[in-house]
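Following: one structure in structure tokens, then a few remarks.
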Amino acid sequence: MTLWRSLFVAASLLTAPISFAHAQTPQTVKAKNVVLVHGAWADGSSWSEVIPILQAAGLHVTAVQNPLSSLADSVEATRRALAEQDGPTVLVAHSWGGTVISQVGTDPKVTGLVYVAARAPDANEDFVALSKQFPTGPVRAGVVERDGYTKLSEDAFLKYFANGVKPEQAKELYAVQWPTAASIFAGRTTEAAWHSKPSWYAVSKNDYTINPDFERFLAKRMNATTVELDAGHLSLVSHPKEVADLILDAAGYPRS
């Protein structure tokens with residue numbers, strides 16, 4: 001997409017009403033498994049509120065311990081987890097993890113993709129340049145880099161990354177945040193699975209990490225079934241039922 005066209009689409013999204021009806025036309029394939037991919041400055045425990053809901057519905061759930069050392073390493077870790085699944089699987093990602101499932105989601109086992117306040121790059125897209133068409137979230141001021149890896153300062157993590165999360169829980173998540181290679185944010189995928197697989201998207205209306213209008217742009221671009229949550233970036237922690245319900249929809253299961 002050319003820059004002028006991207007700007008036109010972005011501007012139209014800011015003024016036009018967004019429809020949140022189910023956008024996918026193909027019938028949902030019932031899945032047996034869900035594979036969860038966390039994003040930057042987090043680990044697999046960020047899904048701990050969502051996992052019990054999915055398990056109670058009868059789904060087999062795996063949370064990838066995303067190494068965050070490179071796009072290639074994160075893709076390989078997710079491929080390994082996907083290879084262990086028996087049957088149809090829904091891939092779910094939060095934040096930067098959306099880059100990973102956009103690459104891995106072309107696997108024949110994958111029946112649907114769920115993006116939770118997540119990136120959703122096109123193949124070989126300069127996603128950093130695309131994101132600059134929208135205001136930068138205040139969390140970026142709190143990124144601290146050392147030896148090629150980044151973490152968030154405590155102030156930025158609690159105020160902007162985990163806004164809306166209970167303070168004591170936010171502090172626990174800060175304590176386990178995983179160092180993230182600075183280089184991964186510019187990494188480019190060679191696939192964009194959302195072109196060929198049904199997709200769902202949970203927009204966080206109070207997100208200070210990824211601009212909510214950017215999330216809406218990404219969801220509309222992939223023709224995703226979309227919900228909007230009154231949540232910050234960590235909606236999977238603050239609104240686990242709503243996030244789980246979207247995943248259950250993608251898996252062809254009744255809501256919790």
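A Cβ distance below 7 Å, combined with a sequence gap of six or more or placement on separate chains, defines the contacts here; from region 62-85, residues that are of a type in the set (Lys, Arg) reach residues that are crowded, with 20+ Cβ neighbours inside 10 Å in the pairs Arg79/Val104. Does region 84-104 hold any residues that are closer than 26 Å to Pro179 by Cβ and of a type in the set (Gly, Ala, Ser), and which are they? Across region 84-104, the qualifying residues are Ala93, Ser95, Gly97, Gly98, Ser102. Here Pro240 clears all of (1) more than 15 Å from Val92 (Cβ to Cβ); (2) open to solvent by 10 Å² or more (accessible area, probe 1.4 Å); (3) under 15 Å from the mean Cα position of the chain (by Cα); (4) not aliphatic (A, V, I, L, M) except the condition numbered (1). Taking region 66-107 as the range and being surrounded by fewer than 22 Cβ atoms within 10 Å (Cβ to Cβ), of a type in the set (Gly, Ala, Ser) and in a loop (DSSP other than H, G, I, E, B) as the test, the residues that pass are Ser69, Ser70, Gly87.
Table: residues versus (1) within 24 Å of Val75 (Cα to Cα); (2) free of Cβ contacts under 8 Å to residues at least 12 places away in the same chain; (3) surrounded by 24 or more Cβ atoms within 10 Å (Cβ to Cβ).
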position	(1), (2), (3)
Thr190	yes, no, no
Tyr201	yes, no, yes
Lys205	no, no, no
Glu215	yes, no, yes
Val227	no, no, no
His233	yes, no, yes
Leu236	yes, no, yes
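The values are calculated or read from the model by the stated rules, or taken from the named source; none is laboratory data. Treat the numbers as computed from the prediction; the structure is a model and nothing was measured. Don't worry about glycine lacking a Cβ; one is built from the backbone with ideal geometry, like all the others, and counts go over all protein chains shown. For accessibility, only protein heavy atoms count, side chains too; no ligands or nucleic acids. Shrake-Rupley method; radii C 1.70, N 1.55, O 1.52, S 1.80 Å.
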